[in-house]
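The structure appears right after this line, and notes come after that.
The values are calculated or read from the model by the stated rules, or taken from the named source; none is laboratory data. Just so we're clear, the structure is a prediction, and the values are computed from it rather than from any experiment. Here the Cβ is made from the backbone with ideal geometry for all residues, glycine too, and neighbour counts use every protein chain on show. Calculation scope for accessible area: heavy atoms of the full protein, side chains included, ligands and nucleic acids excluded. Shrake-Rupley method; radii C 1.70, N 1.55, O 1.52, S 1.80 Å.
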Amino acid sequence: MARPRLASSIWLLVGVSFVGAVALVACSAGPAPLSSVVGDADLVAYQGYLRRQDSDARAAYLAWRSEETGRPIDQLAAEDAALSETHNPFKSSDAWAVSRGGLIYQVHCASCHGAAADGLGGDGQPLMGAKDFHHPHIRMAARLSDGYLAGWYEKISNGTVAEESPEGRAPGVMPAMKDALTREQIWLAVTYLTSDERSGEEVSR
């Protein structure tokens with residue numbers, strides 16, 4: 001009789017642990033609000049580079065990073081080209097990465113995916129195929145699987161096209177961003193999307 005009780009206890013422990021993990025992720029309501037992670041000075045600076053580079057986001061970002069780091073644009077571009085497309089070099093606990101990723105998301109993604117990253121387009125209507133990045137299942141998968149995040153990178157990079165549009169939903173067309181943004185910009189946006197409300201606490205405005 002001891003073995004069945006032991007097995008039951010083990011399964012109960014596993015079940016409780018799983019429920020606890022789900023609750024922990026679900027309580028992490030992120031992504032962090034853009035207002036709490038995007039610094040006003042950074043937004044103004046990036047918009048200035050975009051104007052000077054005729055809205056070429058890739059060139060603008062590299063020029064900005066060059067001024068920030070004092071390193072040549074060619075060197076930064078070469079390092080960016082060497083970044084992995086399957087492994088995020090940033091962590092959601094990195095306040096700088098979340099802040100910079102929030103900025104990239106705000107400028108280049110929010111008009112379709114919603115300022116709250118909830119899958120609502122600029123008109124407030126759900127966009128077909130757009131994720132609600134607050135959903136517990138999505139947040140758990142993002143926290144537990146590098147492969148899941150690699151899928152986000154791939155979709156942002158190469159784009160997606162929905163063949164059918166259910167009634168009441170806008171067609172889901174995700175443009176390929178691999179030529180418009182650097183790899184770092186894409187990974188930073190992914191990092192922002194895995195953040196939570198606590199991520200903005202250390203960001204200086």
Pseudo-spin-label distance Leu43 to Ala150, built 7 Å along Cα→Cβ, given in nm, is 3.5 nm
His87 accessible area, nearest 10 Å², 1.4 Å probe? 100 Å²
So, in nm, how far is label Ser157 from label Ala29 when the simple model puts each one 7 Å beyond its Cα toward the Cβ? 3.4 nm
Accessible area per residue, Å², region 55-94 with all protein chains present, probe 1.4 Å: 59 Å²
